[in-house]
Amino acid sequence: NIIDLDKAPEIINFYGRTDELSTLSKWIVSDRFRVISLLGISGIGKTTLSLKLIQQIKTNFNYIIYRTLRFSPTLTTTLTNLLEIFAPETETSDNIETLLSQLQKYLEKYRCCIIFDDVHKLFAPGKLSGQYKSGYEDYRDFFQLLVTVSHQSCLLLISREKIPEITKLETENYPVQTLILGSLGAAANEICQKHQLVDRESWEKLINNYQGNPRWLDIVATTIQELFSGQVAEFLEYETLILPEALQAELEQQLQHLSPVEIRVMEQIANQNQPISMGEIIRKSELSIQESVNVIQSLKKRLLLDGQLENNLTVFTLNPVWKEYLKNKL
């Protein structure tokens, strides 16, 4: 079998995620879902999990291919690149339909697992979630085709936000699935150990404050070690959530991708001391009902907003890290 992991990062640390690994493995190997989306906020460990998964399932496939869409290659470039793996000597066409039908033949003939990372980079910055950049709309048809046409392969799409056509096809009983990665939970204790933090009884609070996000915890643990001699209890004594520079820079980068109206609504929610209802958002934002619904939906698709039911009313909250960051900005 051929494994081509061009530009895949090396796995240096891997924590927990045994349930997620077995779920993905079952969906891909036994259930044979054609397309799976692996979603989660930045730093939660999506790429690391997918590369760990490859180690587990590689014997089940003729081809395993990893590609990042971080630099927004056109679909023609992506398809040409894939076809060169299957048939290095063959001349490739410039016609997208020809390229698609050639790839489809290989996906029918061989058992392949293709991983596309950073799918969210295909979406336009400054607009609501899931709107493709100009010239990249053909990816929508490509993803849809791989769900709706019969083949024996699997496409794993990794993204920070939901992929609209996959969400739609899920409701229509096609062989697609979505896994949203959440907190590392107790497995994040290993990060505290790695950084030689003390006050073990305070670790759980630290992990919860930073959403069990491995990258955020790595950044914070470095600060605790450098400025607080590894003492977690002392670090947690401060009333505000401390956001080191590296963590702020990461959040700022994500904020740049949002539309102005989404930022406005997030800032509003960040200013609330308790969860806020849709009615309150509409009142305070001076947006129309339609605009408010679209913005809330978009933020939920980006996994930046949590909705829950309280006294028969749906209310929305931001995670504490985003809340603190936005309050500081204001």
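The values are calculated or read from the model by the stated rules, or taken from the named source; none is laboratory data. This structure is a prediction, so every number in the text was calculated from the model and none was measured. Ideal geometry is used to build each Cβ from the backbone, glycine not excepted, and the neighbour counts take in all protein chains shown.
Here are some notes:
Matching residues to (1) in contact with a strand residue (DSSP E or B) (Cβ under 6 Å, 6 or more places away or on another chain); (2) within 23 Å of Ile163 (Cβ to Cβ); (3) hydroxyl-bearing (Ser, Thr, Tyr):
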{"residue": "Arg34", "(1), (2), (3)": "no, yes, no"}
{"residue": "Ser42", "(1), (2), (3)": "no, yes, yes"}
{"residue": "Ile65", "(1), (2), (3)": "yes, yes, no"}
{"residue": "Thr80", "(1), (2), (3)": "no, yes, yes"}
{"residue": "Ile96", "(1), (2), (3)": "no, yes, no"}
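- Filter result for Glu250 (in contact with a helix residue (DSSP H, G or I) (Cβ under 8 Å, 6 or more places away or on another chain) and within 30 Å of Glu204 (Cβ to Cβ)): yes
- Val265, sole failed condition from (1) of a type in the set (A, V, I, L, M); (2) buried (at least 17 other Cβ atoms within 10 Å of the Cβ); (3) over 24 Å from Gln131 (Cα atoms): (3)
- Within the option set Ala124, Ala188, being touching a Gly at 6+ places or on another chain (Cβ under 7 Å) and under 25 Å from Glu252 (Cβ atoms) holds for one residue only, Ala188.
- Among the residues of segment 210-227, the one identified as assigned to a helix (DSSP H, G or I) and among the small types (Gly, Ala, Ser) is Ala221.
- Search result, residues across segment 113-168 that are touching a Cys at 6+ places or on another chain (Cβ under 6 Å) and hydroxyl-bearing (Ser, Thr, Tyr): Ser153
- Residue that is surrounded by the most Cβ atoms within 10 Å (Cβ to Cβ) [pool: residues in segment 165-184 that are at pLDDT 95 or above and out of contact with any strand residue (DSSP E or B) (no Cβ under 8 Å at 6 or more places or on another chain)]: Leu184
- Contacts under 7 angstrom Cβ, first residue in segment 136-150 being assigned by TED's automatic domain parsing to the domain that holds Thr80 and within 10 Å of Glu165 (Cβ to Cβ), partner among the β-branched types (Val, Ile, Thr) and assigned to a helix (DSSP H, G or I), 6 or more apart: Phe143/Ile166
- Taken over segment 131-151, the criterion of being farther than 16 Å from Gln102 by Cβ and either of a type outside the set (D, E, K, R) or touching a Leu at 6+ places or on another chain (Cβ under 7 Å) (or both) is satisfied by Gln131, Tyr132, Lys133, Ser134, Gly135, Tyr136, Tyr139, Phe143, Gln144, Val147, Thr148, Ser150.
- Segment 303-328 residues that are in contact (Cβ under 8 Å) with a residue 24 or more places away in the chain and farther than 13 Å from Asn271 by Cα, paired with ones that are assigned to a helix (DSSP H, G or I) and of a type outside the set (S, T, N, Q) (beta carbon under 6 Å, 6 or more apart): Leu305/Leu299
- Ser134 vs. criteria loosely packed, with under 15 Cβ neighbours inside 10 Å, modelled with pLDDT of 95 or more and small (Gly, Ala, Ser): yes
- Cross-chain or 6+ apart pairs with Cβ under 7 Å, segment 268-279 first and under 12 Å from Ser292 (Cβ atoms), then basic (Lys, Arg): Gln268/Lys284
- Of the listed requirements (1) in contact with a helix residue (DSSP H, G or I) (Cβ under 6 Å, 6 or more places away or on another chain); (2) surrounded by fewer than 21 Cβ atoms within 10 Å (Cβ to Cβ); (3) not basic (Lys, Arg), Leu155 misses just one: (2).
- Whichever residue in segment 19-53 is of a type in the set (Val, Ile, Thr) and either within 18 Å of the chain's Cα centre (by Cα) or not assigned by TED's automatic domain parsing to the domain that holds Arg67 (or both) and, among such residues, is nearest to Arg215 (Cα to Cα): Ile44
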